[in-house]
Each structure stands twice: as C-alpha cells, then as structure tokens.
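A.B. asks: Just passing along the structure, written as structure tokens.
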C-alpha cells in the first residue's frame, strides 16, 4: 500500500516575504498555497497512491474563508475521481472542516473524529481524532482506538509531539508512547519542519509544511510518500511548493572595494539558486563599512542577473569585537549609557510610542522585552553608519 | 609601537627595498620625513605597512603588477612594548601569513596586541591623515555645530561624520514614523492595511457571512413560496369569479331559449346537414323534371332525320369494283394516278425512242463497226471506266520509263573520275600540336632581356655588395616603421620638451625676480619677522638696561624703531604678505614645473640616446652609413627588396628559356618520326610547313572522296528505277489486252483504245437511255388496256346502256365514285341520329328514376316532424332554426358546467352569490396584479439571495490582497525595527557624546587649545566651552575677547581646529593604550610657511610621545622641517 502524507497546508495563508514586492514573483506566488495543494493532488494521482492523508491544519485560523473549503472539496473530489480516497483530521486551524456547520466533504473523503475515529480502506484501518478547540494541552493518544487485529493500522494525529520550538504546544504527546501504541504508521501534523522517527517496525512521519510562508519555515516545502509492504514502512520525501527560503551569510569585511563586494555577493547568492523553483534569500552580511541599505542596493543589482533568487531580507552587522581590543570610545560610552535608568526610561518611551502606532498584528515586534536586543543593534548600527559614511 | 624599518621585499614596483626610520637621539622628537617625488611609491609604502600590520586584503591586489599576488611580501622591524625589537614578514596567504625573519609563522596576537586590537580601518582612521582628510574633516566637523562631544570624538577616532550620521539615522526613523506625520511609511502602510483589511473582510466568506447568506437565501425562498401561494389563491378566486359569472349568464340565456323553442314544430333534431339536404333534393327534383321534357323533344327531331336518309343497294357492288381498280398499279405506281395522262404520253415516248436509235447507229459508224450489234460494242459503265484506267496506266508507265532512263544517262555523264583516298593524320596532328606548343621562343627571349634590364636599373644606386646585404637578411618593414615612428615622436617630443624647459626657465626667473621684489617690499614683513624684531628689541633692551650707554640707547632706539616699523608694516602689510605668499607659491610651483620639464627633457635625451643604437644597426643592415636619418631607411629597404625581386625574376627567365629549348627539340624529333610513315620528308622542304599544309587540306580531301562515293550510289539507284518503269509498262499493256479481248474494234492498242474511248462513252450512254425508254412505253400500253376493262364492268353495275361502252373509262369511273360517296354519307347521318336517340332515351329514363328517389328522400327527411303545411324549404328552415336554438341551449349548459370544472366549490359558491357584480372582475384583476408583483419581488429577492450564496463560493480568491497585506506587515515589521534601532542609536550616541565631553574635557581640551593656538596665534587666543541646554559647545576666542562658534569659523580655521583635535586625540591614545606610529601624508601641501612651521612643531609634539612619519614630495617642507624640528630624520624614498 502506498500513501501520500501531507499536513499543515494552511490554505489562504499568504507568503510573508518582502521578496514578493517583485511584481513578477508576486504575481506568480499570490496563489502559491493553492497551487502547491494542486501540485500535491497531482502527485497523489500521478503516483497512483492508495490513500491521500492529511494530518490537520488544512486551513488557517487567520484567514477563515469558506471559499478555501470549496477549493479543498474540488481538489479532493478530483483525487477521488482518479481513484485516490482521502483520509483527514482537523488541526488547531481547521474550524472550517466542521461537518455540523458546513456539511459533508464528499464521497471517498473521510474526516475522522470522535464519532467516527476509524475507516477501513483495503486491508488498512485508518484512525484519527479531531478536536474542536485551538489549544489542547493534553495528549490525544489515550482517546485513540486500539489497533485492529489482522489489519495494517495507520494513525493520523495533529500534535506538537514532545514539543517543538516555534510551535504552540498542541496536544503534546510523548514520542515513546506514540510509537508503542501498536500502530504501524503515524502520520503527524503541526510541526512545519519535516522529520521521521523509526522505532523498529513503526514509522512516524511529520511531512512538514508543503509551501513555506516565511523564512522560519524554510525547512518545509515537502510531502512524504510512504510504502507499507511486508517489512518496515519505507518513506521518501518529495519537494513541493513554489517558493523556498534560504539563508546566505557573507563576510565582506575583507573586501577592498565595491567590485569585490559585488563579486562576493554574486558568488554567495548564486549558491541559493534552485533549478525550477523560486528562492527568497535572507542575506546576513558582516562588514564594518557597508550598511544594510547599501548592501540591499548592491544585492538587488546582483540579483537582476540571477534567475529565481529574490531578496527576503538583508542584515549587515559589524565585525565582532576582538577580546581585549581597544574599544571605540563612543561604543564604550554608549554601553555605559545603556545601563542608566534615565536612558532606559527614555528608550522605553520611544519604543512604546512607536509600538502604539503600529498595526496590532505586528506591535509585539517592539515589545519592551526586546529593548536590550534593540539597543545592541542600535550600537552596531551607529558604529556601522559612522564608518560607512567615512568610507564614502 | 615604533616602526624602525619597512622592507618592501616584493611589493609594487619595489624589490628588496628598505626604508629605515632612524631612532631619534635622546630627548629629541621621533619625527621622520619620508621624502620622494610624486609616484615615488609613498602610497605603496604606506599600504605595505598597513598590510604588514593587518594582513593582505582579499580580491585583486592593486600592487600586484610586477609580482604576482602570491609572491608579494612586505616586512618590517618593529619595536613592540614588552617584546623589544622584532622583525616581521607578511605574505599574501590567507592563514599563517605573518612570519619572522626566517619565514616561520608568528602568532597574530603579537601584532594585534601591540595594536591594541585596532582593525585596519580604525587604525587608518585614527593614525593617518592626509591633505584631503584634513580639509574634508574640517568641513565635516562644522556639522557638529560645536558640540564638544562630537568634536572630541572626531579627534579621537578620526571619524568626522558623526553629525551627519546622527541626522541620517534620525531622518530614517522619521521617515518611518513621526508623531502626527502624514506621509510616513508607517502611516501610509497602516492606511493601506486598513483598506486591505476592509476589502478582505468584505470579500472573505466567513462562517458568519455564509450563515447570513444562507439565512437570506432560505428566508427569501420562504417568502417566495408564500407569495406564490397567495398568487395561486388569487388566480383561483379570479377563476371562480369568472366561472360564476359564466354560470350566471348561461342560466339566463337558457331561460330565454326555452321560451323561444315553444313556437317551433315538434319533432326530433334534424340531421346536421338536413337543411342542405332538403334544399338539394328540392333542386334535384326540379332539375330532373326539366331534363325529361328536353329529352322527349330531341327524340322527335332525331326520328325525322333517320327517316330522311334511307339505305342505297348499289353501294356495295360499286365499292367492290372501285376497290379492285384502286389496287391496280403500273411500274409500281397506282394505275389511277396515271390513267388520265397515259394516252398522250405514250405517243411522245415512242418518238424519243426512234431518235435514240438513229444516234446509236451514228456512233457505231464512228467506231468503224456499223454492222456490229450494238449490245456487243456498248460496254457497261464500270467496264468502260476500267478500260479508261488501263489506257491511262499504259501511258503513265511509258512516260516514267522514259524519264528514268534520261536521268540515269545525265547522272552517268556528270559523275566524272574518282579522286585518291585520304590518309589518317590523327597521330600526326597530336605530335604537330605538341611541337607547335613549344615552338614559340621569342617571348622567352624577350622576358629574359626585360628581367636583365630591370636588374641593371634597380641596382644602379646600390653598393656592389648589395647581394650580401640581402643574403644577410633585411630588417622587417614593421621594425623600420616602428623605429622611424619612435624616432620621429622622440625627436618631436624632445623639441617640445626643450621648448617647454626654456619657457619654464623663463617663468622661474620671472617668478624669482617677482619674489625678490615682494621680499624687498617693507610691508611684506611676516609675523616671524615681527617676533624676531621684538625679540631683538628685548635683547637690546636688556643690554641697554644693563649698560645704559648711548650706544645701547641708540641700538635700543634702532631696535625699537625696527620693531615698530616691522609691526607697523605687518599691520598694514596684509596685501603685501598675500602678494609675497603668492610670489613664494608661484616660485615653488614654477620650480616644480621647471624641474618637471627638466626631468622630462633629460628623460627624452636618454631615450634618444637609447634609440640611436638600434637605428645605427638598421642603417648598417641596409648598407647605409651610421647616422643616416631613419627617413632614408624605408627607401633603401624598398630598393634592396626590389633588387632582390629583379634578380629572382632574371634567374627565373633564364631557367625558363633553357627549359623551352629542350622541350622544342624533343617535340621536333617526335614530329619527324610521325611524319615519315605518311610520306613526308624533310628533304622536300620545311617539314612543319608540309605537315601544316597537309593537316589544313585534310578536311577538303575527305569531303571530295565522300562526295564521289555518293555519286556512285545515285547512278545505281537511277538504273534500278529505269528497270522498274519498264516492268510497270509491260504490266499495264497486259491488263489492257485482257479488257479489250471481246471488243469487235479494229484497233485495240492502247493508243487505238485511247482514241475510241470518247465514242465508246457516248455509245454507252445512248444505249442505256434507249433501253429505259422501251420499258416505259410497254408499261403505258398495258395500263390503258386495264382501264378499259374496268369501265366496262362498272357500266354493267350502274345499269347504264351498253352503247355507251365506248365512252371514256375515266368518266364512267368518276360517276361510279360519286354514287358510292352519296350512299356513304347517308349511312353516316342515319347512324349518328340513331345513336343520339338511344342516348337521349336512356337519359330520360334515368331522370325519371332520380326524380322519384328524390321525392322519397324528401319525405323521409321530414319524418316525425311537424309543419306539414309548409313547403319543404320553409319547413326545413323552421326546423333548422329550432335545432339551432336547441343547440344554443345545450352549449350554454355545457359552458356553464365547464366553467365550474377545477374551480374550488366554496369559492365558486361565494362568487356566485355575488352575481351579478359588474366591478368584481376588475376588483379581482387588481388584487391579482398586486399579489403578482409581491410574488415577483419575492422571486427576484430569492434569486438574488441564491446568486449571492453561490457566488460567494465561486468568487475569485483575493490572495493578491492577502499577499500584499502580508508583505506590508513584513515591511512595517522590518521598518519598525530599523526605525527603533535608529532612534535608540541616536539616543544612545547623544548620551555617549555627552559622556565623552565630560570625560575628556579636562586633559584633551587642554591639548586641543594648545595645538589650536600653536597654529592660529595671534588670530585666536584660546578656546572655551559653553554649556547650553542641548549640550556643551566649543567656541574660539579672538584677541579682542570675542567668542566665535565653530560653525562660524572660516574653512581654514576649521581645518586647523580639526588638526588640533586629531593631535589631541593622538596624544590621548598615546597616554592610555600606548603610542602607535602616526602617518601624515603631505598634510601641509597647501599651508603657508607660517602654518607649515606650526604644523611641523605639532608633528614634533607627536614625536615627543610617539612616532610621527611625514610623507612629502616638497623639498621646501624638508627644509622647513630641518629648521623647525630638532633632530628630525630625513629619509629619501628608495628607487
């Protein structure tokens, strides 16, 4: 039996990168989430898998739109017509999959929940639970049915497993308990970076987010094909998605002139190129002379001649201070200033004024807890700007 | 740290070059002047020093032009605190590039520790200064608006853009966000976000929106259904009303009909077509009665006709006889057709036959056979034509035989004697052509002569040994061109340089004269001179105070006057000093220009000398004397080349001539060998001439031989034709003989027959006509006999008297025919009348029958009906009207019942109760329209709600808006961070600068003031610090006590202040972390001597606590330095 496992589609949730300011890329990727899901369904049909599995978070709470549900039904019906049934569960973002509110999904599309936690397809029993609330602090595992004797048992669960940085804890579940539940395969969702766990004959698959939406999800862009034969389950990750994210760190401090900076940028950015896929690059530069704005200009110029690579963000930082080195008076005195209570009050006031003017969605970016980090950046910025101005 | 020696081992243009920086004597400042002209490598040396300290930079190396980057090496001997003197080397490797004197790697920490952790950039910023940096630094610190912290920071760090940097950061933050700012990035972005949010909310199909849309759809559907029910009810009531109205009206109508029917006859309803049927029957009875009457009248008329045309009994026998007569024919034609003309025709034809017999007899006489029976002489037409053809063939064959014989005789006479047979000359022609190809000698001899003449001509102006020069190899044209071009360019440059040098010398003399004049001017005294006169006055005063003699008094008076004069001149001599300064500057610049011109002139002379040697070599190689101008090289090279070519041409011509003679002999031998077998002999004359003639005539001989052979063939063919003609003639004669065998003619030869042919033809025609005419006469005679016989029998039938038997048979026959015709016509009339009468009789009987049937039907139609007293038409009309009324009544009943079908009984009863009601229909129609409108509105609302529901799912996904929203949020997020960082940076920097001012104001401010005054005295007497709300500000103090803010100082003064700040900063660094070498690159280039001296004194100050290295290419600065700085080391840049 061959299965295509995916999760965390987050339909309707857009890509969040300044790279999409590029009109051509922006136009290409405005439907990236939907296009990627179509690509996944195409893959399921092309690979003639026996079942297509979706382990939750097909939608996104932030973008509740029943049009997305209509789109989902259209695509899953397409798979169904091609002989590929779908088994899915709800995740913490999937209020739109509520049967009571919005009706059935269609033939050969099985949404598992507490009322119908198991469906048999061929010689396999698929088990899954869907919960209604966005935050679940207890493990779902005790509520899952036991394995059906004489059948292959496959579980679908939306869980943060043992916990993952950057992800809300959702139905946390100890990995050991999961693998010992008696199922042959666990298809998981919630964590956007893909991974697999193998424990003897048991396999657990976290397929990752198929279309990364921002730099933090750069490890995504995958789905997983699983083969259940006589032996242990076999898996194969497949790359999907229209845009990837990557990081490019360059030390430009040794560059003697602008031409050399350009050469370094070009060499570095070329390494980010991926054939057949657009890539948004986050560029980290170390330089005592070239500020962020200047590096952004140069990198944009370089990228004009590199197909498929776009700037996500640029950060230029000064060369780290050598231990024992004579510190610039200004830097030293700025550091002394930072610890002054009066200064901190003034800084917090500045931060607060700006924060109150920000759209609420991103106001936390300027949270007072980040003051020290901002001040560190501020010292570096002043130093860099001062040296850059002198060098110009 | 101190730099003792810099080793430019392989670096730039230098190889194993060393620059030593001598250690100063005890108590002397550590100042080294590194002197070298422009482009002498001062910048190279400084860069080498930096790369030694901090390592090579990546990428293409600017000084890797003599040596590859990988081969570059610099070194130095350094005095390091706590380590003493060490020798270092640095190569361009990425790692372990710092080496000791034995090329062993050294830990970088040794150097970086000595450098106090400074980076290359910060070292350059703090410990180097050039003229441009000094000038721009002065301009930039104006932006500090005198802020003490910023100024001191500039002095310490060498970074002068603090004010601009802080302004720029503040601007960046303000661009993103500013309180009450309208066009800020944040405001614009937030507005757009709100707009997008509104659009997305409007577009997004949320659960709530879907629920509302679904609710709207269901509600409008229910409204629609309610309105539909009401509409149906209205329709039903309207239908019930209409039905009640019909019921009411029909009931009224039925009552009236019942009353009317009481006045009509009783009886059942007539058949549907009874009226038409009765009318038809009445019509029919009348018509049949008329037909019967008319038939009876016609029958009477026909009986009369039958009686008037009885039967003729003779008609049958006459018909039989006449039919027999009509059947008779004469020569295939009916007898009766010719009977009338036969008698007259018979006589005329008998005369014609007699005339023909006479003409036949005459023809026989002409053929010399008057007694022969005509049938034996007269031939059939075909036989006659065969005979004529045979005669013609005989004549034709005879003529052909004669013509062939004559042609053969003519051809034989013209044939003539046979020529000799030609020989095969093909092989001879080949050998002759070969000989001819090589027979031409004069052209080779001419070519040889021309080549010899050309060689003689082109070598006329060359030395005897020109062939040796050519053999030794001539210089390449490109070499000569290059040397000539270089020589010409160099000569022109040299002339130009000489002229330039002379002009510069004149300029220098003029500038020196001007300087002498300006120096001689009393007003030109400078501050140094005034100080000197003051010092001199003080010395003389001291002497005078000690001695108090007249002499010292006079000396003091003189010194005092001199000092007063100097000061007076100084006070009034600003312009003169300016002129003097200008003159000094001009002398310096003209000296430099003169020196430059001289250097260029010398260089060109050296190049000229270097180029002379290859020119001499080339002259010798071309056979010219040494010193020959290069302009002659090309012509000589051309002449030698032409001579070599001419010699080669002559050699080629000689060889070609010899080769041709050998070829010619061989070809002649081959020609002789080929000619002998064919009978050509050289003894009979020039062999080629003989052969050429034979070859020329070969075609003519061959043509004559072929023509004679053709004549032979023609004669043979003509002989054959003669024989053939003779055979044809014999054959024709035999055929003629066969045809004339039975003819009794006396001459049967072809000539005799030819003469008799016209008579034979005439006889044949006459005899044919004669036979035809005889046959015709016989037929006419027979016809006349038959007619007479028939007339006789007819006479007997008609019963006429026999005596009239001799009458004309034709008349008798005509009478018989008339009688027969009359009888036939009577028969026809009678038969026709009988037929007509029978038909009319049948018609009359049929009409009587039909009339009886019609009367019976009419009676049947009225069976059971009343109204017997009426005529059928009136009766049936009455009955039809009765039935119509009955039908109307039945229809009304049906309509009444039909109107009730499908109608709600209750509604019908209600509406019927209202009848009659004239306004009810209008009232109900209005009500119906109202309900219809309500229903239509409900339907439209339902459709719209349904459409909205469906379209909500089908609407285009506004992911473009969601994407723009996400991008905007990212941009604002990033922008907010940058703005916050910028704003906090400015806040922190301003605080730090205040701290810096407070921290350094004590020690460093004193150093600044001292350095500033050293450079600016007496224009400035000090500096001060003002404390203001926005911070502490540095101001300058002038001799009159005025204070001037920094930003109001002149550019020059600000440059001096910046220099003072840098020196103070350097001193500060030297005091705390420790001294590092300070490199000043020609910073005094634009200073006048006074300022230059002051600056040099400050350099000596630097040298007092650390090492000062001053690069310059100005000799006078070297002199000034020697004058100003005791123990200064002067080092020249290595070559």
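The values are calculated or read from the model by the stated rules, or taken from the named source; none is laboratory data. Note that this is a predicted model, so its numbers are computed, not measured. Don't worry about glycine lacking a Cβ; one is built from the backbone with ideal geometry, like all the others, and counts go over all protein chains shown.
A.B. asks: For residue B:843, only one of the following conditions fails: (1) touching a residue at least 60 places away in the same chain (Cβ under 8 Å); (2) loosely packed, with under 13 Cβ neighbours inside 10 Å. What is its number?
C.D. replies: Residue B:843 satisfies every listed condition except (2).
A.B. asks: Looking only at region A:99-113, which residues are out of contact with any helix residue (DSSP H, G or I) (no Cβ under 7 Å at 6 or more places or on another chain) and modelled with pLDDT of 80 or more?
C.D. replies: Result: A:103, A:104, A:110, A:112, A:113.
A.B. asks: Follow-up question, since we're still on this one. When you go through (1) within 14 Å of chain A (Cβ to nearest Cβ); (2) buried (at least 16 other Cβ atoms within 10 Å of the Cβ) one by one for residue B:920, which number turns out not to apply?
C.D. replies: Failed condition: (1).
A.B. asks: Take residue B:138 and decide whether it is facing another protein chain (nearest Cβ under 10 Å) and either over 25 Å from residue B:1026 (Cα atoms) or in contact with a helix residue (DSSP H, G or I) (Cβ under 8 Å, 6 or more places away or on another chain) (or both).
C.D. replies: no
A.B. asks: Could you count how many residues in region B:144-187 are farther than 18 Å from residue B:980 by Cβ, more than 8 Å from chain A (Cβ to nearest Cβ), in a helix (DSSP H, G or I) and free of Cβ contacts under 8 Å to residues at least 60 places away in the same chain?
C.D. replies: Final tally of qualifying residues: 1.
A.B. asks: Additional query: From A:131, A:126, grab the single residue that is in a strand (DSSP E or B) and more than 14 Å from chain B (Cβ to nearest Cβ).
C.D. replies: That would be A:126, the only listed residue that is in a strand (DSSP E or B) and more than 14 Å from chain B (Cβ to nearest Cβ).
A.B. asks: Identify, by number, the condition in (1) at the interface with another protein chain (Cβ under 10 Å from one of its Cβ atoms); (2) part of a helix (DSSP H, G or I); (3) closer than 29 Å to residue A:185 by Cα that residue A:19 doesn't meet.
C.D. replies: It is condition (3) that residue A:19 fails.
A.B. asks: Okay, next question. Here are some residues: B:863, B:877, B:802. Which one is modelled with pLDDT of 85 or more and surrounded by fewer than 11 Cβ atoms within 10 Å (Cβ to Cβ)? Don't jump to the end; show me each part of the working.
C.D. replies: Working: B:877 fails: surrounded by fewer than 11 Cβ atoms within 10 Å (Cβ to Cβ); B:802 fails: modelled with pLDDT of 85 or more.
Going through B:863, B:877, B:802 in turn, just one is modelled with pLDDT of 85 or more and surrounded by fewer than 11 Cβ atoms within 10 Å (Cβ to Cβ): B:863.
A.B. asks: Taking the residues in region B:35-63 that are in a loop (DSSP other than H, G, I, E, B) and closer than 20 Å to residue B:1130 by Cβ as candidates, determine which candidate is farthest from the other protein chains (Cβ to nearest Cβ).
C.D. replies: Ranking the qualifying residues of region B:35-63, first place goes to B:37.
A.B. asks: Out of the residues in region B:945-966 meeting the condition of being within 44 Å of the chain's Cα centre (by Cα) and surrounded by fewer than 18 Cβ atoms within 10 Å (Cβ to Cβ), tell me which one is farthest from the other protein chains (Cβ to nearest Cβ).
C.D. replies: Once the filter is applied, the top-ranked residue is B:951.
A.B. asks: Which is crowded, with 17+ Cβ neighbours inside 10 Å and over 30 Å from residue B:769 (Cβ atoms), of B:456, B:396, B:447, B:479?
C.D. replies: Exactly one residue qualifies, and that residue is B:447.
A.B. asks: Exactly one condition in (1) surrounded by fewer than 21 Cβ atoms within 10 Å (Cβ to Cβ); (2) more than 9 Å from chain B (Cβ to nearest Cβ) is not met by residue A:319; state its number.
C.D. replies: (2)
Okay, residues lined up against (1) surrounded by fewer than 24 Cβ atoms within 10 Å (Cβ to Cβ); (2) under 13 Å from residue B:961 (Cα atoms); (3) modelled with pLDDT under 90:
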position	(1), (2), (3)
A:1	yes, no, no
A:8	no, no, no
A:11	no, no, no
A:15	no, yes, no
A:31	yes, yes, yes
A:38	yes, no, no
A:48	yes, no, no
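A.B. asks: Give me the pairs, please: first residue somewhere in region B:101-118 and within 14 Å of another protein chain (Cβ to nearest Cβ) and part of a loop (DSSP other than H, G, I, E, B), second residue anywhere and at pLDDT 85 or above and surrounded by fewer than 18 Cβ atoms within 10 Å (Cβ to Cβ), beta-carbon distance under 9 Å, and either six or more positions apart or on two chains.
C.D. replies: Going by the 9 Å Cβ cut-off, the qualifying pairs are B:116/B:1074.
A.B. asks: Could you look through region B:411-426, keep only residues that are assigned to a helix (DSSP H, G or I) and surrounded by 12 or more Cβ atoms within 10 Å (Cβ to Cβ), and pick out the one that is farthest from the chain's Cα centre (by Cα)?
C.D. replies: Within region B:411-426, the match that is farthest from the chain's Cα centre (by Cα) is B:412.
A.B. asks: Residues to consider are A:12, A:56; find the one that is within 11 Å of chain B (Cβ to nearest Cβ), in contact (Cβ under 8 Å) with a residue 24 or more places away in the chain and on the phi > 0 side of the Ramachandran plot.
C.D. replies: Selected residue: A:12, the only one of A:12, A:56 that is within 11 Å of chain B (Cβ to nearest Cβ), in contact (Cβ under 8 Å) with a residue 24 or more places away in the chain and on the phi > 0 side of the Ramachandran plot.
A.B. asks: Next question. Out of region A:346-367, which residues are at the interface with chain B (Cβ under 7 Å from one of its Cβ atoms), surrounded by fewer than 20 Cβ atoms within 10 Å (Cβ to Cβ) and either in contact with a strand residue (DSSP E or B) (Cβ under 9 Å, 6 or more places away or on another chain) or outside any helix (DSSP H, G or I) (or both)?
C.D. replies: Answer for region A:346-367, where residues must be at the interface with chain B (Cβ under 7 Å from one of its Cβ atoms), surrounded by fewer than 20 Cβ atoms within 10 Å (Cβ to Cβ) and either in contact with a strand residue (DSSP E or B) (Cβ under 9 Å, 6 or more places away or on another chain) or outside any helix (DSSP H, G or I) (or both): just A:359.
A.B. asks: What do you reckon, is residue A:78 within 14 Å of chain B (Cβ to nearest Cβ) and in a helix (DSSP H, G or I)? So that I can check it myself, show each step before the final result.
C.D. replies: Numbers: within 14 Å of chain B (Cβ to nearest Cβ): no; in a helix (DSSP H, G or I): yes.
In short, no.
A.B. asks: Out of (1) assigned to a helix (DSSP H, G or I); (2) more than 7 Å from chain B (Cβ to nearest Cβ); (3) crowded, with 18+ Cβ neighbours inside 10 Å, what's the single condition that is false for residue A:312?
C.D. replies: Tallying (1) assigned to a helix (DSSP H, G or I); (2) more than 7 Å from chain B (Cβ to nearest Cβ); (3) crowded, with 18+ Cβ neighbours inside 10 Å, residue A:312 fails exactly one: (1).
A.B. asks: Moving on to the next point. Taking region A:22-53, which residues are at the interface with chain B (Cβ under 8 Å from one of its Cβ atoms), in contact (Cβ under 8 Å) with a residue 12 or more places away in the chain and in a loop (DSSP other than H, G, I, E, B)?
C.D. replies: Passing the criteria: only A:30.
A.B. asks: Using the structure shown, decide if residue A:343 is touching a helix residue (DSSP H, G or I) at 6+ places or on another chain (Cβ under 9 Å), facing chain B (nearest Cβ under 9 Å), surrounded by 15 or more Cβ atoms within 10 Å (Cβ to Cβ) and at negative phi.
C.D. replies: Taking the combined requirement at face value, the residue satisfies it.
A.B. asks: Among (1) within 26 Å of residue B:197 (Cβ to Cβ); (2) at pLDDT 90 or above; (3) surrounded by fewer than 19 Cβ atoms within 10 Å (Cβ to Cβ), where does residue B:972 come up short?
C.D. replies: Status for residue B:972: all satisfied but (3).
A.B. asks: Out of everything in region B:967-981 that is within 14 Å of residue A:316 (Cβ to Cβ) and within 7 Å of chain A (Cβ to nearest Cβ), what residue ends up being farthest from the chain's Cα centre (by Cα)?
C.D. replies: The residue in question is B:981.
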